[in-house]
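Following: one structure in structure tokens, then a few remarks.
The values are calculated or read from the model by the stated rules, or taken from the named source; none is laboratory data. Given the structure is predicted, the values throughout are model-derived calculations rather than measurements. Cβ placement follows ideal geometry from the backbone for every residue including glycine, while neighbour counts extend to all protein chains displayed.
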Amino acid sequence: MSDPAATDIHGLIEQLGSGDAGRRAEAAEQLCRAGSAAHEASVPLVVACGDGDDRVREWAVAALEELGPPPGGSNSTLADLAASSHPLVAYWAITLLGRSGQDAAVAAPVLATCLEAADLSVAQRAAWALGKLGPAAAVARDALTKAATSADPRLARLAEQALDSAGA
């Protein structure tokens, strides 16, 4: 792992927007190697999960796997990204919202709609994230109740857990 103190996180975030896929992949890799110091790059890394280059997506996912909750104030942007048509972007936006716990209460309505995502991993992750919101997930009661009857046992279990967490 590189020295986090020596890593220019803001410069790497800018580089993620480069027109050159090699530079974007290099930036994502360096952000991954920066570990928790890359915390500020959470949202740009989620966006990079929708990159057309496999290397960029792989390094962005690797970096996100190592990060905890996103920076404060990013939950509205992540809620927008959770509605993305790109399953990997939606999955990681939802994951970061779940990691935010009750601080992501603003995202409960969006997460409720994600329960019906065509991509099963996105729907499962939305149920998981709603379970992390606690009572704020009560606004998703109807969607969670429907998901709890899913033929997919994991989705059904996660929806039941979210209902319990919400006190619904």
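Can we say Ala48 is surrounded by 23 or more Cβ atoms within 10 Å (Cβ to Cβ), hydrophobic (A, V, I, L, M, F, W, C) and modelled with pLDDT under 95?
no
Please state which one of Val122, Val139 is assigned to a helix (DSSP H, G or I), more than 17 Å from the chain's Cα centre (by Cα) and either surrounded by 14 or more Cβ atoms within 10 Å (Cβ to Cβ) or among the polar types (S, T, N, Q) (or both).
Val139
Do we have Trp128 as under 19 Å from Gly72 (Cα atoms), aromatic (Phe, Trp, Tyr) and in contact with a helix residue (DSSP H, G or I) (Cβ under 9 Å, 6 or more places away or on another chain) here?
Answer is no for this residue.
Can you name the helices (runs of 4 or more DSSP H) wholly within the range 37-104 that have at least 3 residues being of a type in the set (A, V, I, L, M, F, W, C), closer than 18 Å to Gly11 by Cα and within 10 Å of the chain's Cα centre (by Cα)?
Helices (runs of 4 or more DSSP H) meeting the threshold: 42-48.
Can you pull out the residues in the range 105-117 that are among the small types (Gly, Ala, Ser) and assigned to a helix (DSSP H, G or I)?
Once the filter is applied, which keeps residues that are among the small types (Gly, Ala, Ser) and assigned to a helix (DSSP H, G or I), the range 105-117 yields Ala105, Ala107, Ala108, Ala112.
Quick check on this structure: which one of Ala41, Ala90, Ala60, Ala48 is in contact with a Leu (Cβ under 6 Å, 6 or more places away or on another chain), closer than 17 Å to Arg125 by Cβ and of a type in the set (Gly, Ala, Ser)?
Ala60
State all residues of the range 32-42 that are in contact with a Ser or Thr (Cβ under 8 Å, 6 or more places away or on another chain) and surrounded by 21 or more Cβ atoms within 10 Å (Cβ to Cβ); if no residue qualifies, say none.
Ala34, Ala38, Ser42
Do you know which residues across the range 143-162 are in contact (Cβ under 8 Å) with a residue 24 or more places away in the chain, in a helix (DSSP H, G or I) and farther than 19 Å from Leu96 by Cα?
Across the range 143-162, the qualifying residues are Ala143, Leu144, Lys146, Ala147, Arg154.
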